[in-house]
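Take a look at the structure set out below.
Where a number appears in this text, it was derived from the coordinates with a stated rule and is not lab data. Since the structure is predicted, the reported quantities are computational estimates derived from the model, not experimental observations. A quick note on method: Cβ atoms are made from the backbone with ideal geometry, for glycine too, and the neighbour counts reach across all protein chains shown.
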Amino acid sequence: MSSSTIDFLERLQAAHGGSIPFDRWMQEALYHPQYGYYTANIRDIGRGGDFTTWPVMRRNLSRAIARWARSHQPRGKWHLIEIGAGTGALGADVWKALGWFGRPQLHIVDVSPVLRAAQKKVLPRGTRWHDSLADALAACNGEAVIYSNELVDAFPCRVFQKQDDRWRELSLSIGGSRWIEHWTESATLPDSTAITHPWPDGQRVETQEAFRQWYETWRPLWKAGAMLVIDYGEEVAELYHRRLRGSLRAYAHHQRLEGPQAYLGFGKRDLTVDVNFTDLRHWLRAPGPTQTLAQFLSAQGQPVELGDAGEAFKVLETSPHA
Ligand SMILES: C[S@@+](CC[C@H](N)C(=O)[O-])C[C@H]1O[C@@H](n2cnc3c(N)ncnc32)[C@H](O)[C@@H]1O
C-alpha cells in the first residue's frame, strides 16, 4: 500500500476508535474516489481483468433482457437504464437485440470512470451517462425500465459471526502488512433474514443494508416501469450451505481469495458476497418469487446452456408500485 493509502486508513481507523467496521472498510476499498477499486483502480473485466461476468461469455442473456424490457416498454418514447455496465458488452448486446423498431433512450449509471470510458467505445451514440439513479430518473421523468447484472454483490456488507447464540460484528485494524480481525458485540443488529435464520454456532454471515438504503434513496423518484436484478446468490436457507465462514471473497487476476487473504491489496481487488435473495425480495418488494437464471432464460424463449451458472445466478423483478 502507498504511504498516502496507509495515512488515510490510519486516520479512518482512529476516527472509528481503533478498528474500521467492515462495511465502511469495504465501502472505501471499492468506492473511495482516490483509492477505491471501482472508482480508481479497475483496469478491465474479462480475460485481461480480475474477473469476468456471464454476459461477456454468453449472449443469450442479452437477448432475454431485451425481450423482457420490450414486454415492459410503454407506448411512445421510452427509457432503458442499465446500472453498473462493466465493459459495456452487455448493454451493447441488449441494444442490438432490441432490434431497430422503437428503440429506447439508453442511460447508464456507473461509478467507474475507467469502465465508463470503455462503455463509451461500444455503446450506441446518444447513450447518456449519469452519476446516480436520481439523475438518471430525472432525465426520464421518473419512467424507466431498469436492469442490472452483478451489481448488488458489490454493495458493502456488515459481517457477523454467531457464537454461543450471540452475534459479534467484524471490524479490521492495520497490523503491519496485514489486517487484524476484531469481533465485538454490536449495539444494533441489521433487519436481515441472515440474522434471524437458525444457523449453527460459528456461522459467519454478511448483510447488505447498504443496498437497501441506496434503493430507498431513489425509489420515491421512480414513477413507472419495471426493474430486473440479476446476480449470484441464494434464498437465505441455502446461502451458506457448507460454508461456515460465509461467502465474502476477493478476486485478483481471476484468483479467488477467501478469509484474511481477501483483505489484502486494499483497493486493488474486487470484493464480493453472494446475494441474500430473501432479503432482496423483501427490500425490493418483489411481487414474484426469485427465479433461477435458467428459468428466466427459458421464460424469455432463450436456450439454456449455462451449466451451473443457470442455477447459481438468480433473477428478481419488481416495479415502483410493488
Ligand atoms: C461486476 S461488474 C458487472 C458489469 C456488467 N453488468 C456485466 O454483467 O458484465 C459491476 C459494474 O457495476 C459498477 N458498479 C459497482 N458498484 C456500483 C454502484 N454502487 N453504482 C453504480 N455502478 C456500480 C462497476 O463499475 C461495474 O461497471
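Values as computed for the structure displayed
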read-out: Label-to-label distance, nm, for residues given as Leu264 and Ser173 (7 Å Cα→Cβ offset); value: 2.3 nm
read-out: Coordinate range along principal axes, alpha carbons of region 78-132, Å, largest first; value: 31, 19, 15
read-out: Extension gain from Ala117 to Thr188, taking 0.36 nm per residue of separation minus the Cα-Cα distance; value: 21.5 nm
read-out: Normalised contact order of the chain, rounded percent, pairs of Cα under 8 Å and 6 or more residues apart; value: 20 percent
read-out: Equivalent ellipsoid semi-axes - Cα gyration tensor, region 203-255, angstrom; value: 28, 15, 12
read-out: Paramagnetic reach from Arg285 in region 220-241 [backbone N under 19 Å; point 7 Å along Cα→Cβ]; value: 220-229
read-out: 15 Å cut-off, amide nitrogen to a point 7 angstrom out along Ala40 Cα→Cβ, residues in region 86-102; value: none
read-out: Spatial extent of the chain: Rg and Dmax, with the Cα atoms as the point set, Å; value: 19.7, 61
read-out: Nearest-0.05 FRET efficiency for Asp164 and Ala322, computed from C-beta distance (R0 35 Å); value: 0.35
read-out: Antiparallel DSSP beta bridges within region 72-186, as percent of all bridges there, nearest 5; value: 50 percent
read-out: Relative contact order (%) - region 1-159, alpha-carbon pairs under 8 angstrom, separation at least six; value: 25 percent
read-out: P(r) histogram, all alpha-carbon pairs of region 231-322 included - 10 Å bins from 0, percent; value: 15, 36, 33, 15, 1
read-out: Cα-Cα P(r), region 1-82, percent of pairs per 5 Å interval; value: 3, 11, 13, 14, 11, 11, 11, 10, 7, 6, 2, 0
read-out: Whole-percent pair-distance distribution, where bins are 10 Å wide, for the alpha carbons of region 1-149; value: 11, 35, 28, 17, 8, 1
read-out: Mean projection area, nm², convex hull over Cα of region 134-218; value: 8.4 nm²
read-out: Long pairs among Lys223/Lys268; Lys223/Lys314; Lys120/Lys268, criterion Cα-Cα beyond 29 Å; value: Lys223/Lys268
read-out: Semi-axis lengths (Å, descending) of the ellipsoid that matches the C-alpha gyration tensor of region 93-250; value: 38, 18, 15
read-out: Principal axis box of region 92-161, alpha-carbon based, largest edge first, Å; value: 53, 27, 21
read-out: Inter-part distance where region 172-203 and region 8-34 are each reduced to a Cα centre, Å; value: 16 Å
